[in-house]
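Accompanying notes for the structure given below.
The values are calculated or read from the model by the stated rules, or taken from the named source; none is laboratory data. Just so it is clear, the structure is predicted and the values come from calculations on it, not from any experiment. Positions of Cβ are generated from backbone atoms using ideal geometry, with glycine treated the same way; all protein chains shown enter the neighbour counts.
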């Protein structure tokens with residue numbers, strides 16, 4: 001006897017609700033073209049997810065979320081059309097939060113992949129429309145349907161040359177009665193023709209002037225004073241500086257070159273940025289490390305991790321300094337550690353020697369690994 005599959009227990013008939021008037025509000029993220037590597041694609045998806053969650057978090061207009069559509073969000077609000085001022089405040093809240101987060105990514109990103117390095121080029125636009133919709137329920141999911149929902153998605157392809165804008169259809173603006181946009185707000189007119197729909201007139205407002213002052217608002221990370229240098233190891237690696245940097249900062253590669261590393265624990269879904277933490281289990285005990293510093297230019301790179309928790313070396317800084325050397329990489333590993341009290345020096349001295357040996361072997365392993373591994377695509 002053939003048993004019913006779980007699919008047979010789901011009612012696939014669409015339970016369509018009655019039509020009702022509603023505001024349809026669709027923010028969409030644009031960007032991330034021509035990414036080819038696996039890391040770039042994974043990180044671009046992660047960044048888009050972060051930004052979509054941020055936009056949802058800044059919902060101030062009591063909007064209901066209908067769908068998450070790759071790089072867009074489909075919101076709606078039943079009832080009468082909200083005031084234009086309220087919609088503008090909602091757009092501004094989401095837009096500024098979006099661009100503040102992009103600036104944080106740009107400031108704190110340790111990863112050098114195309115997605116992380118071009119995230120600040122992402123753009124955000126909004127479509128606002130008022131019309132008639134209905135909800136279709138399939139199993140436990142509700143989907144927004146109706147001709148006006150189709151229209152909103154068609155409006156994403158429009159004749160607006162500006163990359164970031166709020167597009168408000170005439171159908172929404174007609175609902176505002178006597179309310180007029182402020183005189184200082186420059187609303188541009190537009191109209192596009194769509195097959196099976198016809199001409200759709202709208203007004204649009206250019207958004208990019210809003211974030212002109214954001215860079216001055218974002219605080220720079222202050223460089224903290226480091227403990228004195230306990231030891232320094234220098235090595236020549238016959239591989240490009242960029243490749244060596246990637247091997248050091250990619251936590252998934254650590255076990256391949258870090259001496260004595262028994263296990264490493266970190267959030268695999270998280271992109272490496274300043275403040276990102278991971279835990280290493282070594283023969284001398286567990287250490288919790290945090291990314292503390294990074295600097296990148298054409299001739300030099302540097303990356304530092306702080307040992308946040310450790311039985312022996314809490315507060316120490318492991319500082320990797322890389323320099324371009326005729327296409328190869330000259331690396332200095334500086335270990336900064338505050339000298340313990342005299343009463344404990346007799347204990348710490350052999351531990352420091354063990355750490356020095358481990359770091360020296362680690363650089364030797366790193367050299368071998370970087371010189372033997374082919375560049376990833």
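Before moving on, here are some points about what is shown:
- Scanning the stretch 224-242 finds one or more residues that are assigned to a helix (DSSP H, G or I), touching a strand residue (DSSP E or B) at 6+ places or on another chain (Cβ under 8 Å), modelled with pLDDT of 90 or more and within 30 Å of residue 302 (Cα to Cα).
- Among the residues of the stretch 13-41, those identified as within 14 Å of residue 119 (Cα to Cα) and at pLDDT 90 or above are 29, 30.
- For the criterion of being in contact (Cβ under 8 Å) with a residue 12 or more places away in the chain, outside the structural domain of residue 273 (by TED's automatic domain parsing), within 15 Å of the chain's Cα centre (by Cα) and surrounded by fewer than 16 Cβ atoms within 10 Å (Cβ to Cβ), residue 121 passes.
So that you can scan it fast, the table gives a plain yes or no per residue for (1) crowded, with 17+ Cβ neighbours inside 10 Å; (2) in contact with a helix residue (DSSP H, G or I) (Cβ under 9 Å, 6 or more places away or on another chain); (3) closer than 29 Å to residue 107 by Cα; (4) assigned by TED's automatic domain parsing to the domain that holds residue 104:
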residue: 257; (1), (2), (3), (4): yes, yes, yes, no
residue: 271; (1), (2), (3), (4): yes, yes, yes, no
residue: 277; (1), (2), (3), (4): no, no, yes, no
residue: 285; (1), (2), (3), (4): no, no, no, no
residue: 316; (1), (2), (3), (4): yes, yes, yes, no
residue: 349; (1), (2), (3), (4): no, no, no, no
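- Some residue of the stretch 301-309 being touching a helix residue (DSSP H, G or I) at 6+ places or on another chain (Cβ under 8 Å), closer than 29 Å to residue 328 by Cβ and touching a residue at least 12 places away in the same chain (Cβ under 8 Å): yes
- Residue list for the stretch 34-87, filter: assigned to a helix (DSSP H, G or I) and crowded, with 17+ Cβ neighbours inside 10 Å: 39, 40, 43, 44, 47, 48, 51, 52, 55, 84, 87
- Residue 132 being farther than 26 Å from residue 214 by Cβ and part of a helix (DSSP H, G or I): no
- Residue check, residue 92 more than 23 Å from residue 39 (Cβ to Cβ), outside the structural domain of residue 304 (by TED's automatic domain parsing), more than 13 Å from the chain's Cα centre (by Cα) and in a helix (DSSP H, G or I): yes
- Given (1) at pLDDT 90 or above; (2) more than 19 Å from residue 256 (Cβ to Cβ); (3) in contact with a strand residue (DSSP E or B) (Cβ under 9 Å, 6 or more places away or on another chain); (4) not in a strand (DSSP E or B), index of the condition residue 354 fails: (3)
- Residue in the stretch 195-212 that is in contact with a helix residue (DSSP H, G or I) (Cβ under 9 Å, 6 or more places away or on another chain), part of a strand (DSSP E or B), modelled with pLDDT of 95 or more and surrounded by fewer than 16 Cβ atoms within 10 Å (Cβ to Cβ) present: yes
- Some residue of the stretch 135-142 being surrounded by 17 or more Cβ atoms within 10 Å (Cβ to Cβ) and closer than 20 Å to residue 28 by Cβ: no
- Condition check for residue 135: in contact with a strand residue (DSSP E or B) (Cβ under 7 Å, 6 or more places away or on another chain) and at pLDDT 95 or above: no
- Residues that are touching a helix residue (DSSP H, G or I) at 6+ places or on another chain (Cβ under 8 Å) and either touching a residue at least 60 places away in the same chain (Cβ under 8 Å) or not assigned by TED's automatic domain parsing to the domain that holds residue 72 (or both), drawn from the stretch 149-168: 163, 164, 166, 168
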